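S.K.: My questions will all concern the structure given below.
The numbers here are math on the coordinates, done by the rules we state, and not lab data. Please read all numbers here as calculations on a predicted model, not as lab measurements. Here Cβ is always computed from backbone atoms with ideal geometry, including for glycine, and neighbour counts include all displayed protein chains.
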Amino acid sequence: MPSAPTKLYADDVSLLVVLLDTNPFFWSTSSLPFSKFLSHVLSFLNSILLLNQINQIVVIATGCNSCDYIYDSSLSTNPGIENGKLPALCSELLKKLEDFVTRDEQLNKQHSLPPTTTSSSLLSGSLSMALCYIQRVFRSGPLRPHPRILCVQGSSDGPEQYVAIMNSIFSAQRSMVPIDSCYIGSNNSAFLQQASYITGGVYQKPQQLDGLFQYLSTVFATDLHSRAFLQLPKSVGVDFRASCFCHKKTIDMGYICSVCLSIFCKHHKKCSTCGSVFGQAQSDVASASNLKRKTPET
Amino acid sequence: MNNGNGRRLNGETEEDDDDEGSEGDLDAWERTYADERSWESLQEDESGLLRPVDNTTLYHAQYRRRIRSLSSQATTARIQKGLIRYLYIVVDLSRAAAEMDYRPSRMAVVAKHVEAFIREFFDQNPLSQLGLVTIKDGIAHCLTDLGGSPESHVKALMGKLECSGESSLQNALDLVHGYLNQIPSYGHREVLILYSALSTCDPGDILETIQKCKKSKMRCSVIGISAEIFICKHLCQETGGSYSVAMDESHFKELILEHAPPPPAIAEFAIANLIKMGFPQRAAESSIAICSCHKEAKVGGGYTCPRCKARVCELPTECRICGLTLISSPHLARSYHHLFPIVPFDEVSPSVLNDPHNRLPRSCFGCQQSFPNPGNKPSLRVACPKCKQHFCLDCDIYIHESLHNCPGCESFRHSKSPIATEE
Ligand SMILES: [Zn+2]
Ligand SMILES: [Zn+2]
Ligand SMILES: [Zn+2]
Ligand SMILES: [Zn+2]
Ligand SMILES: [Zn+2]
Ligand SMILES: [Zn+2]
C-alpha cells in the first residue's frame, strides 16, 4: 500500500499480525474442519481491511516443523475487493498457505519423527517472527499503525518452547504490543493465557466453534483505542504454575536453585542447569529471612 | 561568531579549568551550538556536501563489539550467574555533586540514570533486592531499606535531592556492611558507589573497613563522576568489583547500566542453595475473597497460596500465614535468557554475497525487509551460525538485546541438526 496521508493515521489504525495454527495433528482431531476454519478467518481478515482502508494485515503460519509469512496486505498489488468475485486476499493467501502446508508436511517426512513429539506447533517461532516484523514497523517512523498480535491456536503447548515463548512475551510487553489469543483446542493453553495477561491482550476460548467468525469479529476486531470503551471478556484466571526442569511436570510448589533460578519439583543435591552443589536447604534460609525481617526494629 | 567558536574549540581539552572564562565570552545563542556540538553529527560526502552521519553501520559495529566481549566472557560451558542479588546503591550527595560540568548538575544526572537503572535492575534480576544510601555532610544515611519495589526507591531518591558538606567513603561502607552482613548466604552482596567527590573524609582507618568488606564477601564497585581516585580503585580491586570513571553523561549511563545484568557467580561469594517457593494461580476476575495482606474483602485478581490457600494481592511476596515465598513463574522466566543465551550472528562476507552461484535469501528472515543489492559496501546482513538464516542489522540487534530468541532456530524443528533449510 502506498504511504498514507499523515492525518489518516489516527488512533484506530491497526496492524494485525495473525498467527495461524496449521498443525495437521491438531486439525485431524478437531471438530471444526480446517476448510471451515479458514473461511471464518478469511471473512474476519477481510472485515479488518474493510473497517479502515489503511489497516494492515500480516499472516504467519505456525506449522509443526516450520513457520513462514504467508500474507502481507502492504505488499499485495491489488488490495481490497474490487477485482470481481474472489478477493485478492483470499486467492493469494490460500495459494501461499497450500504451499506452506505441503512444505511443512515434507519436512515431517524428511525427519521421520515419532508422531508423539510433533503434537505441538512452533508458536515460539511465529511469535518471534511477528515481533521482528513489528519492530520494523516501529522503526519506520512516528506515522505508523498500532500493532497487535492475534494467535489463533489449537495445538497444545510444547513444554520445550517454554523459555523461548516467555522471552517473546517479555519482549512484546517491553514494546507494548498486546498478544490476543483465540484458543480453539480442548483444554486451556497456559502459554497463551500468560501471554495475553502479561501483554494486556485478550484471551478467549470460544464455546461454539461454528460461530468462530462472530467471536473473532466481536472480540478481536476491536482496535486498541476502542478497547478502552468496551467490556471485553475478562480473564477466568491465569495458570501461573511453573513446570519443573527435571520432569517438565506442572507444579504449584517447588525448589528453586539460588544461582540460576531453575525450578525443581523435589530436593536435589546438584543443579542440573548450572552445576551448583547445594548445601542444606530450608532451615538455614528460614532463620536468615527472620533475621532480615527483624532488622528495621533494631 | 568565528572568534567565539574558535576559542571554544581550542579550549576544549582543559574545559574544567577555564569553563567560566570561555562561557562568559559566548552569547547565549552561541553557547547552544557550542554545547550541543551539532557539527559532530555531520560528515562530508565525496562531493563535499554536508550529510548527517550514517549511524546504522556505526551503531551495529558498536553493538558487535559489545556482544563479542560478552560472549568471550562466557567461555565456560555452564553459565553461573549471581541471580539473587542484594545491592546497595550509594549516591554521593556531598558538595561536589552540585558541580555543573554535567547539566543541569551532577546530582540531577546521577538521579536520572539511577532511576532508569533501578527499573532495568528489577527487570533483569527478578528475585533481587535493592537499597539506597546517600552520603552528605560526611555522614551516610540509609534512604531506603532493601526491597523489591522500584517505585518506592525512585520516590525516595527524588524527594531527597540536595547536597552539602564532605563525602565519606568509610562511613558509607560501614553502614552498608552492617546491613549486608545479615542477608541470606545464597544472596550476592553488592555495593555500587556513585562517587562525585575527589576526597574522602573518614573517622578512622578506611583500609581496615575495606578488609572488613572483603571478608564479608561484599563486591564493591565504584563509578567516579570526576576523576580516578586511588582509594576507590583499591576498594574495587580488593573486593572484586569494577572501577570506572565516566567521561560524560552518555558514558555514565553506559557504565551504570553495565551493572544491571547479573554478574558471573563466584562460588565462594555465595553458597548455592535450594529455596522452597510456591507458584500461586491468579483467581478469576469476578471472584471475591478476603486478602491476608490488607485484611479487606476484594473483588477479582489476587493469588492463592498453594500451601495454606490464603489470598494475597501482589507477587512476589511471603505468605503472611504460612511463610512460603510466593512468586509467579513468569517472574522467574524473566531471567532465563541469561542461562540460555543465543550465539552472536556471523557477518556474511562480501565474497559470499558477490558469488553469483549462491542463491541467497533476498529478504531478512525476521522482518521481511529486503536486502539492498550487494555492492562494494560493507555487508548489511548477518547469518545465524545454527540455522543459517539471514537477518538485517536491525533485527540482529533486536534479537540479541530484547527478544533473546533466534526466529530462524525457533521456527524449524530439529534445527540443531545441520540440515540446510533453504534447499
Ligand atoms: Zn521434576
Ligand atoms: Zn542452578
Ligand atoms: Zn491485600
Ligand atoms: Zn500460605
Ligand atoms: Zn530484519
Ligand atoms: Zn538461528
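S.K.: Rounded to the nearest 20 Debye, what is the dipole magnitude of the stretch A:9-228 about its Cα centre when Lys and Arg each give +1 and Asp and Glu each give -1 at the C-beta?
M.R.: 220
S.K.: Now, a different point. How much net charge surrounds residue B:287 when only other residues with a Cβ under 12 Å from its Cβ are counted (Lys, Arg +1; Asp, Glu -1)?
M.R.: +3
S.K.: Turning to a different aspect of this structure: Past 22 Å, Cα to Cα: identify those pairs from B:136/B:160; B:276/B:309; A:269/B:386; A:269/B:276; A:249/B:276, in the order given.
M.R.: The answer is A:269/B:386.
S.K.: In Å, what Rg and Dmax follow from the Cα atoms of the stretch A:9-228?
M.R.: When restricted to the Cα atoms of the stretch A:9-228, Rg and Dmax are 16.5, 50 Å.
S.K.: I've got another one for you. Just order B:351-357, B:107-113 by mean Cβ neighbour count inside 10 Å, highest at the front, would you?
M.R.: Going by the mean number of other Cβ atoms within 10 Å, highest first, we get B:107-113, B:351-357.
S.K.: Highest mean first, what order results for B:398-408, B:84-94, B:380-390 on Cβ atoms within 10 Å?
M.R.: B:84-94, B:398-408, B:380-390
S.K.: Taking the Cβ of residue A:96 as the centre, find all other residues whose Cβ is under 14 Å away and add up their charges (Lys, Arg: +1; Asp, Glu: -1).
M.R.: In short, -4.
S.K.: Over the whole of A:233-246, what's the average partner chain Cβ count within 10 Å per residue? Rounded to a whole number, please.
M.R.: Per residue, the number of nearby Cβ atoms from other chains is 5 on average.
S.K.: Return the distance in nm (one decimal) between the two label points of a simple spin-label model at residue B:331 and residue A:209, each offset 7 Å from Cα along Cα→Cβ.
M.R.: It works out to 3.8 nm between the two label points.
S.K.: Roughly how crowded by other chains is peptide A:259-268, in terms of the mean Cβ count from those chains within 10 Å of each of its Cβ atoms?
M.R.: If you average over the peptide's residues, the count of other-chain Cβ atoms is 6.
S.K.: For the stretch B:231-340, what's the relative contact order in percent, using C-alpha pairs closer than 8 Å and at least 6 residues apart?
M.R.: It comes to 17 percent, rounded to a whole number.
S.K.: When the Debye formula is applied to the Cα atoms of the stretch B:138-249, each taken as the same point scatterer, what base-10 log of I(q)/I(0) results at q = 0.13, 0.23, 0.24 Å⁻¹?
M.R.: -0.52, -1.49, -1.54
S.K.: Further question: Residue by residue through B:391-398, how many Cβ atoms from other chains fall within 10 Å of the Cβ on average?
M.R.: Partner-chain Cβ atoms within 10 Å, mean over residues of B:391-398: 3.
S.K.: Now for a different question. How high is the relative contact order of the stretch A:143-280, in percent, counting Cα pairs under 8 Å that sit 6 or more residues apart?
M.R.: Reported as a whole number, the value is 16 percent.
S.K.: Also, quick follow-up: Taking 8 Å as the Cα distance limit and 6 or more residues as the minimum spacing, I'd like the relative contact order of the stretch B:303-344 as a percentage.
M.R.: Result for the stretch B:303-344 is 24 percent.
S.K.: Which value in nm describes the separation of the simple spin-label points at residue B:251 and residue A:96, placed 7 Å from the Cα toward the beta carbon?
M.R.: With each label placed 7 Å out from Cα toward Cβ, I get 4.9 nm.
S.K.: Could you order peptides B:156-166, B:123-133, A:61-71 by the average number of other Cβ atoms within 10 Å of their residues, highest first?
M.R.: A:61-71, B:123-133, B:156-166
S.K.: Residue A:198: net charge of surrounding residues, Cβ under 12 Å, Lys/Arg +1, Asp/Glu -1, itself excluded?
M.R.: It works out to a net charge of +3.
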